[in-house]
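Trainee: I am attaching a structure below and will ask some questions about it afterwards.
The values are calculated or read from the model by the stated rules, or taken from the named source; none is laboratory data. Quantities reported herein were computed from a predicted structural model and do not represent experimental measurements. Glycine also receives a Cβ, built like all others from the backbone with ideal geometry; neighbour counts cover every protein chain displayed.
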Amino acid sequence: MFQIALDGPSGAGKSTLAKNLASYLQYVYVDTGALYRSIGLFVRRKDVDPSDPEAVAALLPEIRLELTYQDGAQHVLLCGEDVSGLIRTPEISMYASKVSAIPAVRAFLLSTQKEIAEKNNVIMDGRDIGTVILPNADVKIFLVCSPEAKARRRYAELVEKGVETTYEEVLAAMIERDRADSTRAAAPLIKAADAIELNNSEMEPEETFAAALNIIKERLS
């Protein structure tokens, strides 16, 4: 089985790139960020402090997560509810960042992710895929992008979805999440030593796709 690890900060376009690559290569796409976002949503609904490890860990036995595929798109079911459209707001992004720093949460999802990778050709995106989840991945790409470019893209997505926010709020959230992800004690965002860095700050999505596909083809050949 072939494994492709795609890491990088929030908002760099990892999910879109990973989904497009998986479709082209006919690999299984595993959106790890959506799994953490779903846990963040559950914690938010329970009105629990996402920075409280013990309180969050106590909720984990109540959580059931499933991945389903409809019309080629991955959907996340949280306790049977499709929450795919509810987990992309800046607020849930911050919840996801905080709960993902809790060791119990990471352990909760680790076995599920590894099991999928052992049974399928996969492309998996996140922040510690190449260093923790799939340390022996055949290809590792580290996608980076400037905070300003990330904020412009995410703001446009949110406006299109009807979410009320401002560019300044999205930029501030991006900068804070980058700081949190890079400094957290549990599995901080770190580029794997053997990962190839791809900066797409000035790239259109199709250019990013072409560059990443070229990296994959070179490595797999």
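Trainee: Looking at (1) outside any loop (DSSP other than H, G, I, E, B); (2) among the aliphatic types (A, V, I, L, M); (3) within 21 Å of the chain's Cα centre (by Cα), find the lone condition where LEU86 falls short.
Mentor: (1)
Trainee: Separate question: Being part of a helix (DSSP H, G or I) and aliphatic (A, V, I, L, M) is the filter; apply it to segment 101-112 and report the residue that is surrounded by the most Cβ atoms within 10 Å (Cβ to Cβ).
Mentor: Initial filter on segment 101-112 (part of a helix (DSSP H, G or I)): 103-112.
So of that shortlist, the ones also aliphatic (A, V, I, L, M) come out as 104-105, 107, 109-110.
Details: ALA104: 15, VAL105: 26, ALA107: 12, LEU109: 20, LEU110: 13.
In this case the residue turns out to be VAL105.
Trainee: Same structure again: Does segment 50-60 contain at least one residue that is out of contact with any Ser or Thr (no Cβ under 7 Å at 6 or more places or on another chain), in contact (Cβ under 8 Å) with a residue 40 or more places away in the chain and under 26 Å from GLY162 (Cβ atoms)?
Mentor: yes
Trainee: Does ALA173 satisfy the condition of being small (Gly, Ala, Ser) and more than 27 Å from GLY40 (Cα to Cα)? Walk me through how you get there before you give the answer.
Mentor: Numbers: small (Gly, Ala, Ser): yes; more than 27 Å from GLY40 (Cα to Cα): no.
Criteria not met by ALA173.
Trainee: When you check ARG127 against the structure, is it within 14 Å of the chain's Cα centre (by Cα) and surrounded by fewer than 19 Cβ atoms within 10 Å (Cβ to Cβ), yes or no?
Mentor: Taking the combined requirement at face value, the residue does not satisfy it.
Trainee: Do the conditions hold for GLY72, that is, is it modelled with pLDDT under 90, in contact with a Ser or Thr (Cβ under 7 Å, 6 or more places away or on another chain) and under 20 Å from MET174 (Cα atoms)?
Mentor: No: the conditions fail for GLY72.
Trainee: Follow-up. Condition first: out of contact with any helix residue (DSSP H, G or I) (no Cβ under 8 Å at 6 or more places or on another chain) and not in a helix (DSSP H, G or I). Now tell me which residues in segment 113-144 satisfy that.
Mentor: ASN120, ASP128, PRO135, ASN136, VAL144
Trainee: So which residues in segment 89-100 are in a loop (DSSP other than H, G, I, E, B) and under 17 Å from ALA151 (Cα atoms), if there are any at all?
Mentor: Step one: list which residues in segment 89-100 are in a loop (DSSP other than H, G, I, E, B), which gives 89, 100.
Passing the criteria: only THR89.
Trainee: From GLU207, GLU218, GLU202, grab the single residue that is over 17 Å from the mean Cα position of the chain (by Cα) and not in a helix (DSSP H, G or I).
Mentor: Just one listed residue meets the conditions, GLU202.
Trainee: Also, quick follow-up: On the given criteria, is THR183 free of Cβ contacts under 8 Å to residues at least 12 places away in the same chain, out of contact with any helix residue (DSSP H, G or I) (no Cβ under 7 Å at 6 or more places or on another chain) and at negative phi? Let's see the steps before the verdict.
Mentor: Numbers: free of Cβ contacts under 8 Å to residues at least 12 places away in the same chain: yes; out of contact with any helix residue (DSSP H, G or I) (no Cβ under 7 Å at 6 or more places or on another chain): yes; at negative phi: yes.
Answer is yes for this residue.
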